[in-house]
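Student: Sharing a structure here in structure tokens format.
The values are calculated or read from the model by the stated rules, or taken from the named source; none is laboratory data. A quick note: this is a predicted structure, and the numbers were derived from the prediction, not measured. Every residue, glycine among them, receives a Cβ derived from its backbone with ideal geometry; neighbour counts consider all protein chains shown. Ligands, DNA and RNA are excluded from the accessible area calculation, which covers all protein heavy atoms including side chains. Shrake-Rupley method; radii C 1.70, N 1.55, O 1.52, S 1.80 Å.
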Protein chains: 2
Amino acid sequence: MSDILKKHITKFVNLTEQEFTDVLSYFKIIDSPKKKNLLTEGKICKSNYFVIKGCLRMFFINDKGVEQTIQFALENWWLADYTSFSAQKPSGFYIQTVEKSEIASIDFAAQEKMLEQFPKMEKYFRTVHQRAHAAYQFRIKYLYGSSREELYHEFNKLFPEFVQRVPQYLLASYLGFTPEYLSEIRKKRIS
Amino acid sequence: MSDILKKHITKFVNLTEQEFTDVLSYFKIIDSPKKKNLLTEGKICKSNYFVIKGCLRMFFINDKGVEQTIQFALENWWLADYTSFSAQKPSGFYIQTVEKSEIASIDFAAQEKMLEQFPKMEKYFRTVHQRAHAAYQFRIKYLYGSSREELYHEFNKLFPEFVQRVPQYLLASYLGFTPEYLSEIRKKRIS
């Protein structure tokens, strides 16, 4: 299943078969059941996660004790708390599997070493983070520029498969709604 | 003034004097007055901007015709619409100087060429985007997890100089407030 990671890397960087084998040796492949925490608040985010199959989410627990999802990662997405990961200091977030998932995981020290051995992988991660940066700029635009109802419809238009796949209460949390409000919007649309 | 850019690059990557001179040759240094648009909605974001001195902001115009600021860049920060920049397609944003500014600007093609000639600059930009990615994760956490009043106080605690320096109506826009609401919070604090 590491073919998916290979395909993603080679979209941005050319690697020989041998180089890919060597790069892959820095990773662990994890099979994880649904709803398993890969990261817990207060712990160091030791690994950077690439989703081969399945879905992850990152969340924090707010003042009211409610889980607030801030990011999802489906296939071909990377996820980590990059503040905690890059400084190797305690995290304010949780990372959890939403579905049974297969994940390529690379530890901080292994990633540093891999980047030293294969500097062209810097280009790969530069591209990954630049795209995430771009996506967040748009996300803030939508959060500030749209009503909550428009936000849902826009999101549905951009990521229809995603909206079908993710549990509705998690999608509501991600969009900053209550599940009841999301259910109302959806009903309105059908009627 | 390119010393500031050099200092920023060498925080993350080692460059010889000659390499830095060659890297710098891909940049243009721009002196820009206050309130000048470097990017206009509908145009391609041709350049990536590094602030040597001054302040930039990125904004869009919402349905009500109001400018909504989504990002600031002070000294040592990079700013571009990275969706438009990396695909060289029209932007949905404006980029404008908040103060009289000195900016190191690099065009898309020049940046690609520079990265090809100096692959170690990939590490520099990887780090820049990874840090921005991390900052956006926290920003979403604050936006979702705090009341608007807490948001302002948190921001004030984290970036006191910034809060003093940026015009209050722009800060209000950035935090998603009306200027009147920000003024109320500030009064409450003093009294």
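Student: Can you tell which of B:32, B:105 is modelled with pLDDT of 95 or more, of a type outside the set (Asp, Glu) and within 27 Å of residue B:175 (Cβ to Cβ)?
Tutor: None of the other options fit; the residue is B:32.
Student: Before we move on, is residue B:50 in contact with a helix residue (DSSP H, G or I) (Cβ under 9 Å, 6 or more places away or on another chain) and farther than 24 Å from residue A:143 by Cα?
Tutor: Yes, satisfied.
Student: Given the conditions (1) more than 20 Å from the chain's Cα centre (by Cα); (2) closer than 26 Å to residue A:175 by Cβ; (3) open to solvent by 40 Å² or more (accessible area, probe 1.4 Å); (4) within 11 Å of chain A (Cβ to nearest Cβ), and given that residue B:120 satisfies all but one, which numbered condition is not satisfied?
Tutor: Result: residue B:120 passes all but (2).
Student: Applying the selection to segment B:143-160, what residues are aromatic (Phe, Trp, Tyr), more than 10 Å from chain A (Cβ to nearest Cβ) and open to solvent by 30 Å² or more (accessible area, probe 1.4 Å)?
Tutor: Within segment B:143-160, B:159 is the sole residue that qualifies.
Condition check ((1) without any contact (Cβ under 8 Å) to a residue 24 or more places away in the chain; (2) among the acidic types (Asp, Glu); (3) touching a helix residue (DSSP H, G or I) at 6+ places or on another chain (Cβ under 6 Å)) across all residues:
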position	(1), (2), (3)
A:98	no, no, no
A:109	yes, no, no
A:124	no, no, yes
A:139	yes, no, no
A:149	no, yes, yes
A:169	yes, no, yes
A:172	yes, no, yes
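Student: Confirm whether residue B:186 is among the charged types (D, E, K, R), in a helix (DSSP H, G or I) and either open to solvent by less than 30 Å² (accessible area, probe 1.4 Å) or under 18 Å from residue B:56 (Cα atoms) (or both).
Tutor: no
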